[in-house]
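Here is the structure we will look at, set down as structure tokens.
The values are calculated or read from the model by the stated rules, or taken from the named source; none is laboratory data. Just so it is clear, the structure is predicted and the values come from calculations on it, not from any experiment. FYI the Cβ positions are ideal-geometry reconstructions off the backbone, even for glycines, and counts take in every protein chain you see.
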Amino acid sequence: MISPRRLLFATALGLFAPVALAEVTVNDAWVAEAPPTAMALAAFMTLENDADVERKLVRAEAPGFDRVELHRSIEVNGMHRMERQDAIAIPANGSTRLAPGGYHVMLIGVQTPRRAGDEIPVTLTFADGETMTLPVPVKRRDFMK
Amino acid sequence: MTHPHSRPRRRQHGGIALAAAIVVALLALGASSWWLFGPDSRATAVDPAVLKPMPAPIELPDTALVTDEGEPFGAGDFEGQWTLLYFGYTLCPDVCPVELGALRQVGKLLEEQHPALAARTQRVFISVDPERDTHKRIRDFTAYFDPAIIGATGTPAALEAFASPLGVGWSKRSNHYRDPSDREETGKDYLVDHTTAILLVDPSARLRAVFPTPHGPQPMVDAFHRYQQEQEDHPS
């Protein structure tokens, strides 16, 4: 586990994205603003792994939501479905993109509506126990601008 | 295009033979593409990856749906204008917002680029989740994207009768992966797998073509405009 002090340090670093910790870097993290009816919000980001071994994102947490899950949207035979993922792998010396229509962090059960400009602290946990917390801005999707 | 008489006459027989060979090759190519892509896509020259014509038009079933204002909504409401039609649900977390966003953008681009066509095109969102999607929810959802988008839904039986002849389907899938300790057994925690395509309905209330994913607004507008021109110049 990570010490509270280190977590605080990571959080402080998070104010100046990208956040680097143990060779995984998070870039371009954002949460998509959703219609007021939304029961869930999706967080997107690019995870970069500079290490020579694969890393796995295994959990995400955020205050103000009933629960947080790792998801992937897929299209099969013209049907759309969303599937929970136990982990999202980041290949050695590679990156994995969480983007609309694919992998995302699902923030389920919105307790208070969020608007563009808000910030949501999201904590990511990797398979080796490393965690990082980063403030993720809520933004309007491109097509809403 | 490559016609023997259109070529310069400076060459003798060799040139003519070459031109003839090119013509034969082009004819063969044309014939094979006819075989490959069928009469519809050939007639419209619309990229089927953007807008895929139906093998034959399908009349919209005259089923009693209801708008988010509580007004009856049926096949008659599709007559006299083109319709872009999308089926989804308001709690759809990831994909529906992207598709509604595409409808929003298509509306804006049509307005800017083809205002006459925009004036006779409606965009309709039909919720396939009437159990949770109240009229207000549907209205709030569509209004977030564009208040001009018409929202509608119906009873499960009406939705089924309306959508299945169009090849549109969905199925509820319980959100069974949620943490058991946190289960409330409301029976309302489910996702809906559903068709991703946006449907194009003509002013005679017939399904004519579908926009498969991905839904790029500008290619959609270009394809729609071209298709509509072809169809209304040479109605089938």
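Checking each residue in the stretch A:35-55 for being in contact (Cβ under 8 Å) with a residue 12 or more places away in the chain and within 14 Å of chain B (Cβ to nearest Cβ) picks out A:Pro36, A:Ala38, A:Met39, A:Ala40, A:Leu41, A:Ala42, A:Ala43, A:Phe44. Among the residues of the stretch A:122-139, the ones that are part of a loop (DSSP other than H, G, I, E, B) and either aliphatic (A, V, I, L, M) or in contact with a His (Cβ under 8 Å, 6 or more places away or on another chain) (or both) come to 1 in all. The set of residues from the stretch B:112-156 being part of a strand (DSSP E or B) and closer than 16 Å to B:Glu71 by Cβ comprises B:Gln122, B:Val124, B:Phe125, B:Ile126, B:Ser127, B:Ile150, B:Gly151, B:Ala152, B:Thr153.
Quick one: would you say B:Phe211 is within 14 Å of chain A (Cβ to nearest Cβ) and either under 11 Å from the mean Cα position of the chain (by Cα) or at pLDDT 90 or above (or both)? When the stated conditions are applied, B:Phe211 passes them. Just to verify a result, which residue in the stretch B:157-192, among those that are charged (D, E, K, R), surrounded by fewer than 17 Cβ atoms within 10 Å (Cβ to Cβ) and not in a helix (DSSP H, G or I), is modelled with the highest pLDDT? Looking at the filtered set, the residue picked out is B:Lys172.
Of the residues contained in the stretch B:153-164, none is found to be within 22 Å of A:His80 (Cβ to Cβ) and within 12 Å of chain A (Cβ to nearest Cβ). Residues in the stretch A:124-145 that are within 14 Å of chain B (Cβ to nearest Cβ) and either touching a Leu at 6+ places or on another chain (Cβ under 9 Å) or not basic (Lys, Arg) (or both) were compared, and the one that is nearest to A:Gly64 (Cα to Cα) is A:Val138.
Being loosely packed, with under 15 Cβ neighbours inside 10 Å, touching a strand residue (DSSP E or B) at 6+ places or on another chain (Cβ under 7 Å), under 30 Å from B:Val192 (Cβ atoms) and at pLDDT 95 or above holds for only one residue in A:Ala99, A:Ala87, A:Ala62, A:Ala43, and it is A:Ala87. Restricted to the stretch B:81-99, and to residues there that are hydrophobic (A, V, I, L, M, F, W, C) and surrounded by fewer than 24 Cβ atoms within 10 Å (Cβ to Cβ), the residue that is farthest from the other protein chains (Cβ to nearest Cβ) is B:Trp82.
Comparison of B:Leu65, B:Leu103 shows that the only residue that is closer than 23 Å to B:Ala158 by Cα and touching a helix residue (DSSP H, G or I) at 6+ places or on another chain (Cβ under 8 Å) is B:Leu65. Filtered by the rule that a residue be within 11 Å of chain A (Cβ to nearest Cβ) and either in a helix (DSSP H, G or I) or modelled with pLDDT of 90 or more (or both), the stretch B:214-236 gives B:His215, B:Gly216, B:Pro217. Just to be sure, is A:Asp66 over 13 Å from the mean Cα position of the chain (by Cα) and more than 12 Å from every other protein chain (Cβ to nearest Cβ)? When the stated conditions are applied, A:Asp66 does not pass them. Consider B:Pro57 carefully, then state whether it is in a loop (DSSP other than H, G, I, E, B) and of a type outside the set (D, E, K, R). Spelling it out, it is not the case that B:Pro57 is in a loop (DSSP other than H, G, I, E, B) and of a type outside the set (D, E, K, R).
In the stretch B:130-142 there is no residue that is under 15 Å from B:Leu199 (Cβ atoms) and more than 14 Å from the chain's Cα centre (by Cα). Among residues of the stretch A:73-94 that are farther than 21 Å from A:Val24 by Cβ, those with a Cβ under 9 angstrom from a residue that is among the aromatic types (Phe, Trp, Tyr) and outside any loop (DSSP other than H, G, I, E, B), sequence gap 6+ or separate chain, pair up as A:Ser73/A:Tyr103; A:Met79/B:Trp170.
Scanning the stretch A:125-145 for residues that are modelled with pLDDT under 95 and over 15 Å from A:Arg59 (Cβ atoms) yields A:Arg140, A:Arg141, A:Asp142, A:Phe143, A:Met144, A:Lys145.
The criterion of being of a type in the set (Val, Ile, Thr), more than 14 Å from chain B (Cβ to nearest Cβ) and within 14 Å of the chain's Cα centre (by Cα) holds for A:Val58.
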